[in-house]
Structure formats: structure tokens, C-alpha cells
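Encoded as C-alpha cells, the structure appears first; notes follow it.
The values are calculated or read from the model by the stated rules, or taken from the named source; none is laboratory data. Because the structure is predicted, anything quoted here is derived from the model rather than measured. Using ideal geometry, Cβ is built from the backbone for each residue, glycine included, and neighbour counts are taken over all protein chains shown.
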Amino acid sequence: MAYVDGFLIPVPKKKAAAYRAMARKAAKVWREHGALDYKECIADDVKPGKWTSFPRAVKLKAGEAVWFSYIVYKSRQHRDRVLAKVMKDKRLAAMMDPKKMPFDGKRFIWGGFKVVVDR
């Protein structure tokens with residue numbers, strides 16, 4: 001069964017172009033190393049909830065937008081192999097510097113998920 005890495009990221013709207021450029025480069029690297037799919041999505045219809053919501057999850061601030069991103073793999077083992085290659089890829093080294101990221105890495109949410117329904 002497939003495996004997915006999912007991400008929630010608060011990106012300042014004024015840095016959206018820089019984030020998009022970073023994401024395009026990352027997508028190319030992930031796909032070259034074997035990821036099946038790579039998507040970056042900006043929030044379009046996400047309201048702040050009373051207790052929970054995408055904006056609350058990332059502690060969204062004024063002037064920011066929530067980005068939801070995901071990468072698809074064949075399996076958890078496939079993901080682990082792809083990720084090991086990606087983390088060694090020198091094209092991403094500069095992007096891994098927290099001081100150069102166009103978002104607050106402390107509010108970046110990431111996790112791996114087993115796909116249980118695929119229709």
C-alpha cells in the first residue's frame with residue numbers, strides 16, 4: 001500500500017514566490033530520487049476553527065497563508081530509501097538552513113502516513 005509524507009506550513013504571503021521556487025526545486029529532487037508524486041497546495045477555503053483548524057494548527061499569523069503539501073511513495077520502505085537519497089542531495093543543502101527558509105520552521109508540521117483507502 002502507498003505511503004504519504006504530509007506537511008502543514010505557515011508561509012508569509014510576501015515570501016510565497018520564494019517558497020514556490022524552493023518547492024519547485026524540492027519537487028524535482030524528490031521525483032528524481034523516486035517519489036511518485038509531489039504536491040504543494042495553498043489554502044483557499046480554510047476557516048479558523050474554535051478549537052481546531054489548519055490555521056490554528058500552525059498558529060497562523062496575519063499576512064501568512066497555510067500551505068498543505070504531500071509526497072507519495074510506493075511504501076514506507078520506499079519512502080525511507082527516497083528520503084535518504086534526498087537528504088544527501090547537495091542541491092537541497094542551502095534550503096535546509098533554517099535561517100534561509102521562507103517560513104518559520106518551528107511551526108512546520110510533518111508526518112508520515114499509511115494509505116488505507118485508495119479509490
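Report yes if R79 is touching a strand residue (DSSP E or B) at 6+ places or on another chain (Cβ under 8 Å), part of a helix (DSSP H, G or I) and either among the charged types (D, E, K, R) or over 18 Å from A27 (Cβ atoms) (or both), otherwise no. Show your work before the answer.
Numbers: touching a strand residue (DSSP E or B) at 6+ places or on another chain (Cβ under 8 Å): yes; part of a helix (DSSP H, G or I): yes; either among the charged types (D, E, K, R) or over 18 Å from A27 (Cβ atoms) (or both): yes.
For R79, the condition - touching a strand residue (DSSP E or B) at 6+ places or on another chain (Cβ under 8 Å), part of a helix (DSSP H, G or I) and either among the charged types (D, E, K, R) or over 18 Å from A27 (Cβ atoms) (or both) - is met.
Being surrounded by fewer than 12 Cβ atoms within 10 Å (Cβ to Cβ) and either more than 16 Å from L83 (Cβ to Cβ) or touching a helix residue (DSSP H, G or I) at 6+ places or on another chain (Cβ under 8 Å) (or both) is the filter here; which residues of the range 106-119 pass it? The answer is K106, K114, V116, V117, D118, R119.
Just one of (1) modelled with pLDDT of 95 or more; (2) part of a loop (DSSP other than H, G, I, E, B) fails for K39. It is (2).
Could you please find all residues in the range 82-107 being assigned to a loop (DSSP other than H, G, I, E, B) and closer than 23 Å to C41 by Cβ?
The first filter runs over the range 82-107 and keeps only residues assigned to a loop (DSSP other than H, G, I, E, B), leaving 89, 93, 97, 101-104.
Passing the criteria: M101, P102, F103, D104.
Among residues that are assigned to a helix (DSSP H, G or I), in contact with a helix residue (DSSP H, G or I) (Cβ under 9 Å, 6 or more places away or on another chain) and at pLDDT 95 or above, V66 is not included. Inspect the range 42-61 for any residue being of a type in the set (V, I, T), in contact (Cβ under 8 Å) with a residue 40 or more places away in the chain, surrounded by 15 or more Cβ atoms within 10 Å (Cβ to Cβ) and in a helix (DSSP H, G or I) and give the result as yes or no. Scanning the range 42-61 turns up no residue that is of a type in the set (V, I, T), in contact (Cβ under 8 Å) with a residue 40 or more places away in the chain, surrounded by 15 or more Cβ atoms within 10 Å (Cβ to Cβ) and in a helix (DSSP H, G or I).
Okay, residues lined up against (1) in contact with a strand residue (DSSP E or B) (Cβ under 6 Å, 6 or more places away or on another chain); (2) surrounded by 17 or more Cβ atoms within 10 Å (Cβ to Cβ); (3) not small (G, A, S):
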{"position": "P10", "(1), (2), (3)": "yes, yes, yes"}
{"position": "K13", "(1), (2), (3)": "yes, no, yes"}
{"position": "K25", "(1), (2), (3)": "no, no, yes"}
{"position": "K28", "(1), (2), (3)": "no, no, yes"}
{"position": "Y38", "(1), (2), (3)": "yes, yes, yes"}
{"position": "E64", "(1), (2), (3)": "yes, yes, yes"}
{"position": "K74", "(1), (2), (3)": "no, no, yes"}
{"position": "L83", "(1), (2), (3)": "no, yes, yes"}
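Could you please tell me which pairs satisfy a Cβ distance under 6 Å, a separation of 6+ or placement on different chains, a first residue in the range 91-108 that is under 13 Å from E64 (Cβ atoms) and in contact (Cβ under 8 Å) with a residue 60 or more places away in the chain, and a second residue that is of a type outside the set (A, V, I, L, M) and in a helix (DSSP H, G or I)? Cβ pairs passing all conditions: P102/K15; P102/Y19. Taking the range 15-53 as the range and being of a type in the set (A, V, I, L, M, F, W, C) and under 19 Å from P102 (Cα atoms) as the test, the residues that pass are A16, A17, A18, A21, M22, A23, A26, A27, V29, C41, I42, A43.
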